[in-house]
Amino acid sequence: MKYKESATVVEQKEIASGIYSLWIQTEQIAKEAKPGQFLSLYSRDESRMLPRPISICEIDRESGKLRMVYRIAGKGTEEFSHLATGDRIEVLGPLGNGFPLDTGAKKAFLMGGGIGIPPMVQLAKELDMEVQVIAGYRDEQFLADELAANGSLYIATEDGSAGTKGNVMDSVREHALTADIIYACGPKPMLRAIKAYAEEQGIPCWISMEERMACGIGACLACVCQSKEVDGHTHVHNKRVCKDGPVFLSTEVEL
Amino acid sequence: MNTKVTLAGVELKNPVMTASGTFGSGAEYSEFYDLGVLGAVVTKGVASVPWPGNPTPRIAETKGGMLNAIGLQNPGIDVFIERDLPFLKKYDTNIIVNVCGKTVEDYCAVVERLSSEPVDLLEINVSCPNVKEGGIAFGQDPKALEAITREVKKYARQPIIMKLSPNVTDITEMARAAEAGGADVLSLINTITGMKIDIHRRTFAIANKTGGMSGPAIKPVAVRMVYQTAQVVKLPIIGMGGICSGEDAMEFILAGATAVSIGTANFADPYAAKKVAEGIEAYMRQYQVEDIQELVGAVR
């Protein structure tokens, strides 16, 4: 089920430059949310009509709370960054498919790049296997404690200020890490490199895709990505990121 | 209180319908409310074969609206009849199928296929600004518009709605042409061609460069065109363009629209169309309006 709710802000803080952590209290959404899913957040300013899709970082099903970690990317997210405890925000969710958890795999890479890191937090908590998180930052780190609490954490930074200098694949090579499944979220060049690596290794790789969205529920066909197989909706090669995804098997989509 | 309206002999329980392309075939929105609260569901454009649509990004937000260039991605008439139509039939609402094509033959083929299907009205999309062939090519030339209307009418069992483009010098000329060609109903306006530049990446905000603008920012243009059209044709009009509330819908009705369509507002709130229907009723109660039809074109 998808729910449109007026959620209450529990807490918000800036955890790195321009990156905010927002905990909200929901009625139903948190109870049914899965790692890798996302929420649509609506602006209060009616001149900004389209919801902003934000990935779920942490889920507290018991208390109905959800955490989202997002970067200010424009006026909509800038508005969200001013939300304070007790404020209300209109949200719709949980949306999208989420990461598969029961795959039979034993040892996973959870690879996040930049603002693709947040969904790895809840995923690390819920995977019942050996979890190796590889987090790629430009410079400033965030969510490192949460990630380290649920797996072994390897860091890569573009400027070399921490961990491996370079990207997540450089970190895998430096530490000679191995896995039998990959979960990834991040910028397209990173996803391309991971997809190529997974194919080389012959292991399944689940990637979370991003595309500009309007409805967020699969109706408007704005956020399609090219798929290898014929899609179920239009019977062409266009899967809907918001509904068929955002998580796809890397071999399924063109990057 | 009577909210019923009639379009070319088809009775709708209320004047509220969905704007083509914003509501799919209703399935995604049926998760939020009973589609039976709507006067009609207007489907996304259906062509004779599946269309893949345009490259991404396909949309961009603009102040008070958005641009889209989806490019009429659709599964084609076979899948539509097999999958989408039976789904829509489950609801106590009228079904209006939006028909798109690249050639007159394409449109006629879809219209003919639908002739024996449980569809109440057909809306002919001769005004999509985002496809290279067909679409708007028929909607910007009155002679071509009249000709395609006449041709489609030969194959149609259901009443025909011609959906007009605002991207013309004189909308009334187009409205008259559609009427002359035998249209039963007019719907307007489709989106207004626009452009947005991403100044940070120094490129177009959407891959198609131009897109169709929709949302509340275009509402005054749409109300004006509905008003002008209502003055020159006898056909009923379905008004649309930025409707977000019952009040917005009333502007169109007072300007001369018999029914209204909700488009971009569905993205800002999945319950938007239902709320507009409720808003119209609230307006009627507030002003003790017995019959909504009394107000159609009441402002002159």
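For region A:185-199, state whether one or more residues are in contact (Cβ under 8 Å) with a residue 24 or more places away in the chain, among the acidic types (Asp, Glu) and buried (at least 23 other Cβ atoms within 10 Å of the Cβ). Spell out how you get there, then give the answer.
If we filter region A:185-199 for residues that are in contact (Cβ under 8 Å) with a residue 24 or more places away in the chain, which is where we start, we get A:185-188, A:190-195, A:197-199.
Of the ones still in play, those that are also among the acidic types (Asp, Glu) are A:199.
Imposing the further condition that a residue be buried (at least 23 other Cβ atoms within 10 Å of the Cβ) reduces the set to none.
So far as region A:185-199 goes, no, none of its residues is in contact (Cβ under 8 Å) with a residue 24 or more places away in the chain, among the acidic types (Asp, Glu) and buried (at least 23 other Cβ atoms within 10 Å of the Cβ).
Among the listed residues B:101, B:76, B:45, identify the single one that is modelled with pLDDT under 95 and over 22 Å from residue B:249 (Cα atoms). Break it down into steps so the answer makes sense when it comes.
Numbers: B:76 fails: modelled with pLDDT under 95; B:45 fails: modelled with pLDDT under 95.
That would be B:101, the only listed residue that is modelled with pLDDT under 95 and over 22 Å from residue B:249 (Cα atoms).
If residue B:43 passes every condition in (1) crowded, with 24+ Cβ neighbours inside 10 Å; (2) touching a Cys at 6+ places or on another chain (Cβ under 9 Å); (3) among the hydroxyl-bearing types (Ser, Thr, Tyr) but one, which one does it miss?
(2)
Can you report the number of residues in region A:156-174 which are within 17 Å of residue A:144 (Cβ to Cβ), in contact (Cβ under 8 Å) with a residue 40 or more places away in the chain and outside any loop (DSSP other than H, G, I, E, B)?
Within region A:156-174, the subset within 17 Å of residue A:144 (Cβ to Cβ) is A:156-165, A:167-168, A:171.
Going one step further and asking which of them are in contact (Cβ under 8 Å) with a residue 40 or more places away in the chain, we end up with A:167-168.
Right, trim to outside any loop (DSSP other than H, G, I, E, B) and you get A:168.
Final tally of qualifying residues: 1.
Name every residue in region B:162-183 that is surrounded by fewer than 21 Cβ atoms within 10 Å (Cβ to Cβ) and either in a strand (DSSP E or B) or touching a Pro at 6+ places or on another chain (Cβ under 7 Å) (or both), in order of residue number.
The answer is B:167, B:173.
Considering only residues of region B:25-59 that are more than 19 Å from the chain's Cα centre (by Cα) and among the acidic types (Asp, Glu), which is nearest to residue A:49 (Cα to Cα)?
B:31
Write out, first by first residue and then by second, each pair whose Cβ atoms fall under 6 Å of each other, whose residues are 6+ apart or on separate chains, and whose first residue, in region B:14-42, is within 12 Å of chain A (Cβ to nearest Cβ) while the second is of a type in the set (Gly, Ala, Ser) and not in a loop (DSSP other than H, G, I, E, B).
B:18/B:273; B:19/B:261
Counting just the residues of region B:210-223 that are touching a residue at least 24 places away in the same chain (Cβ under 8 Å) and surrounded by fewer than 17 Cβ atoms within 10 Å (Cβ to Cβ), which one comes out nearest to residue B:171 (Cα to Cα)? Break it down into steps so the answer makes sense when it comes.
Looking only at region B:210-223, we keep the residues that are touching a residue at least 24 places away in the same chain (Cβ under 8 Å), and these are B:210-219, B:221-223.
Narrowing the set further to residues that are surrounded by fewer than 17 Cβ atoms within 10 Å (Cβ to Cβ) leaves B:210, B:221.
Values: B:210: 21, B:221: 11 Å.
Among residues in region B:210-223 that are touching a residue at least 24 places away in the same chain (Cβ under 8 Å) and surrounded by fewer than 17 Cβ atoms within 10 Å (Cβ to Cβ), the one nearest to residue B:171 (Cα to Cα) is B:221.
So if I check each of A:39, A:92, which one is at pLDDT 95 or above and away from chain B (no Cβ under 13 Å)? Break it down stepwise before answering.
Numbers: A:92 fails: away from chain B (no Cβ under 13 Å).
None of the other options fit; the residue is A:39.
Residues in region A:180-221 that are of a type outside the set (Lys, Arg) and within 11 Å of chain B (Cβ to nearest Cβ): how many?
Going residue by residue through region A:180-221, those that are of a type outside the set (Lys, Arg) are A:180-187, A:189-191, A:193-194, A:196-211, A:213-221.
Remaining after also requiring within 11 Å of chain B (Cβ to nearest Cβ): A:209-211, A:213-221.
Final tally of qualifying residues: 12.
Closer than 22 Å to residue A:44 by Cα and buried (at least 18 other Cβ atoms within 10 Å of the Cβ), is that true of residue B:277?
So residue B:277 does not fit the description; no.
So, in region A:72-86, exactly how many residues are in contact (Cβ under 8 Å) with a residue 12 or more places away in the chain and away from chain B (no Cβ under 14 Å)?
Counting residues in region A:72-86 that are in contact (Cβ under 8 Å) with a residue 12 or more places away in the chain and away from chain B (no Cβ under 14 Å) gives 6.
Residues to consider are A:17, A:47, A:21, A:43; find the one that is more than 18 Å from the chain's Cα centre (by Cα) and buried (at least 19 other Cβ atoms within 10 Å of the Cβ). Step through it out loud before you land on a result.
Numbers: A:17 fails: buried (at least 19 other Cβ atoms within 10 Å of the Cβ); A:47 fails: buried (at least 19 other Cβ atoms within 10 Å of the Cβ); A:21 fails: more than 18 Å from the chain's Cα centre (by Cα).
The conditions single out A:43.
Scan region B:184-196 for residues that are more than 17 Å from residue B:68 (Cα to Cα) and part of a loop (DSSP other than H, G, I, E, B) and jot them down.
Answer for region B:184-196, where residues must be more than 17 Å from residue B:68 (Cα to Cα) and part of a loop (DSSP other than H, G, I, E, B): just B:184.
For residues that are in contact (Cβ under 8 Å) with a residue 60 or more places away in the chain and out of contact with any Phe, Trp or Tyr (no Cβ under 9 Å at 6 or more places or on another chain), scanning just region A:19-36, find the one that is farthest from the other protein chains (Cβ to nearest Cβ).
A:24
Give region A:48-60 a look and list any residue that's free of Cβ contacts under 8 Å to residues at least 40 places away in the same chain and either β-branched (Val, Ile, Thr) or farther than 23 Å from residue A:185 by Cα (or both), or say none.
Let us first name the residues in region A:48-60 that are free of Cβ contacts under 8 Å to residues at least 40 places away in the same chain, namely A:48-49, A:52, A:54, A:60.
Within region A:48-60, A:48, A:49, A:54 qualify.
When region B:43-59 is examined, which residues are found to be among the aliphatic types (A, V, I, L, M) and more than 7 Å from every other protein chain (Cβ to nearest Cβ)? Show your work before the answer.
First pass over region B:43-59, keeping only residues among the aliphatic types (A, V, I, L, M): B:46-47, B:49, B:59.
B:46, B:47, B:49 - these are the residues of region B:43-59 that are among the aliphatic types (A, V, I, L, M) and more than 7 Å from every other protein chain (Cβ to nearest Cβ).
Read through the list (1) buried (at least 19 other Cβ atoms within 10 Å of the Cβ); (2) touching a residue at least 12 places away in the same chain (Cβ under 8 Å), then give the number of the only condition that residue B:87 fails.
That leaves (1) as the condition not met.
Exactly one of (1) among the basic types (Lys, Arg); (2) part of a loop (DSSP other than H, G, I, E, B); (3) crowded, with 20+ Cβ neighbours inside 10 Å is unmet by residue A:239. Its number?
The number of the failed condition is (2).
Looking for whichever is small (Gly, Ala, Ser), buried (at least 16 other Cβ atoms within 10 Å of the Cβ) and over 16 Å from the mean Cα position of the chain (by Cα) here; the options are A:96, A:86, A:76. Which one fits?
Values: A:96 fails: over 16 Å from the mean Cα position of the chain (by Cα); A:86 fails: buried (at least 16 other Cβ atoms within 10 Å of the Cβ).
Of the residues listed, the single one that is small (Gly, Ala, Ser), buried (at least 16 other Cβ atoms within 10 Å of the Cβ) and over 16 Å from the mean Cα position of the chain (by Cα) is A:76.
The values are calculated or read from the model by the stated rules, or taken from the named source; none is laboratory data. Predicted model, so just to flag it, every value in this text is computed and none were measured. Reconstructed Cβ throughout: ideal geometry from the backbone, glycine too, with neighbour counts over all protein chains shown.
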